[in-house]
Each structure stands twice: as structure tokens, then as C-alpha cells.
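As C-alpha cells, the structure follows; a few thoughts come after it.
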Amino acid sequence: MNTKKTEVFQPEGNYYDKYHSTNPIVKWMMKGFMNSIRELLEATEIRFQQVCETGCGEGEITSFIKKLYPEAEIDAFDISRKVITEARERIKDINFYIGNIYTMEVYNGGGTRVLAENKYDLVVCSEVLEHLEDPEQALKNIKELCNENGFILLSVPKEPIWRICNMARGKYWKDLGNTPGHIQHWTKKKFCRMVVNNDMKIVSVKTPFPWTMVLAKKG
């Protein structure tokens with residue numbers, strides 16, 4: 001795998017628990033987000049057997065996909081030891097690891113290994129790329145995890161709507177609405193262009209407010 005050296009820094013993302021928010025607007029947004037995941041995956045008419053989520057956070061998306069495909073074997077990793085510990089305690093039928101998207105090295109207490117290339121028929125990377133200094137290297141690594149017919153599900157905040165929404169609710173005015181830790185910003189068009197430029201073929205695009213969500217395959 002054409003990974004970067006292990007000294008490349010992968011920052012931790014934001015772990016605000018929007019999935020269990022009682023705010024009606026946030027609940028509406030998350031319902032649209034999860035429905036878009038389901039619709040994109042079900043449209044493939046494939047029963048995914050080998051799944052990997054990179055930057056899985058609290059494991060909410062991982063768990064959602066497991067409910068859609070209970071027969072699937074799922075590996076999921078995140079750079080944060082804290083959220084992986086919490087995910088392991090809550091969700092028992094998924095293989096959770098501490099890991100780095102730049103190296104694809106994962107650790108589960110029994111040692112470190114590199115995730116296998118060409119193994120997975122679905123790789124998920126949701127709300128991760130905007131935190132990375134080198135998102136294109138991450139995309140290359142994600143692509144190499146997929147088998148020949150594998151799918152890649154990506155989502156990022158849709159700009160400038162994301163920052164406008166933050167400012168509308170009085171957040172992050174000093175940073176013009178930019179969420180702390182977001183160092184990459186894409187419109188729908190620019191994000192899709194980056195995906196295609198990294199030798200992926202876009203299958204479908206959805207825009208659950210306020211995200212861009214792309215289902216792609218190897219080019």
C-alpha cells in the first residue's frame with residue numbers, strides 16, 4: 001500500500017454527539033443524513049460482506065451499516081483511543097481498532113497490523129477528510145482497501161452552507177463559522193472533482209443538508 005510514513009500527523013476530529021441530540025433541527029438533519037446512506041447503499045442491490053469504516057468516531061454509522069447488513073464482517077478504526085474504547089463497550093459485533101488513515105495501521109491491544117489491500121467490498125469515510133492535511137493521500141489509501149468491485153462511501157461538510165449554518169446559530173463567529181479542526185473546505189462540485197481526480201468513478205451523489213455524500217468505485 002502506498003501509505004505515508006508513520007510520523008505524518010493525523011489530528012483527532014470533533015466528537016460532538018449529534019446522533020443522539022434532542023434538538024429537533026439536528027434530529028431532522030441526522031435523519032436525512034442516515035437515510036441518504038441507506039438509499040445510496042441499497043441502490044447498489046449488493047449484500048455487502050466485508051466492510052471497513054475509516055475514522056469511525058463513536059461507531060454510529062458503523063452500527064447503522066451493521067443493521068443493514070447483519071451478515072457483514074465489519075472492521076472500523078479511529079485515531080482516538082477514547083472513542084474506540086467507548087464504541088467497543090457499546091457495540092459488540094464490530095471489530096474496532098485504534099488506527100491511522102495515513103498508514104492504515106490498526107491496533108486492538110494484541111498488536112499492530114496494516115489493513116489488507118483489495119479486501120473490502122465497501123469502505124466508508126464520513127466526516128474525516130475535512131480534518132486532514134493531505135486528504136488525497138487518504139483517498140488513495142481508502143481506494144486500495146477496496147476489492148475490484150468495491151464501493152467507497154464518502155461524506156464531507158458542504159461549503160459554504162456549513163459555515164453559514166454555524167454563524168446562523170451564533171457559533172464560531174471569530175473563525176467565520178468554521179468548525180474547529182476543519183482545515184479543508186469543499187463545495188459539492190470541488191469535492192466531486194477531487195474524487196474523480198483520484199481515479200474514482202462516481203456512482204451517485206446526495207446532498208443531505210448540510211453535507212455532500214458520494215458513492216464511488218475504483219476508476
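Bear in mind these aren't lab numbers, they're just calculated from the coordinates by the rules spelled out. Just so you know, these numbers come straight off a predicted model, no measurement behind them. Because the Cβ atoms are built from the backbone with ideal geometry, glycine has one as well, and the counts that use them run over all protein chains shown.
In table form, for the structure just shown:
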| item | result |
| --- | --- |
| The stretch 87-124: trypsin sites (Lys or Arg not before Pro) in DSSP loop, at most 14 other beta carbons within 10 Å | Lys92 |
| Contour minus Cα-Cα distance for Arg193 and Lys217 (0.36 nm per residue) | 7.2 nm |
| Amide H contacts under 5 Å for Phe151, placed H, 5+ residues apart | Leu122, Val123 |
| Intensity falloff of the stretch 149-219 expressed as log10 I(q)/I(0), Debye formula with alpha-carbon point scatterers, at q = 0.15, 0.16 Å⁻¹ | -0.52, -0.58 |
| Measure of compaction for the chain (Cα Rg per 2.2 N^0.38 Å) | 0.96 |
| Separation in nanometres of the label points that stand 7 Å from Cα toward Cβ, at Lys201 and Lys171 | 3.8 nm |
| Burial ordering of Tyr120, Tyr102, fewest other beta-carbon atoms within 10 Å first | Tyr102, Tyr120 |
| For the stretch 148-164, 3J(HN,Hα) per residue [Karplus equation, 6.51 cos²θ - 1.76 cosθ + 1.60, θ = phi - 60°, Hz, x = Gly/Pro] | 4, 9, x, 10, 10, 10, 10, 9, 9, x, 8, 9, x, 4, 4, 6, 4 |
| Gain in span if fully extended, Ala116 to Asn147, counting 0.36 nm per residue against the direct Cα distance | 10.2 nm |
| Rounded to 10°, Cα long-axis angle of helix 135-145 versus longest principal axis of the chain | 30 degrees |
| Neighbour-count order for His185, His131, fewest beta carbons within 10 angstrom listed first | His185, His131 |
| Rg over Rh, two decimals, the stretch 95-219 (C-alpha only, Kirkwood Rh) | 1.02 |
| With Cα atoms, 0 to 90° folded angle of helix 188-197 axis to the chain main axis | 20 degrees |
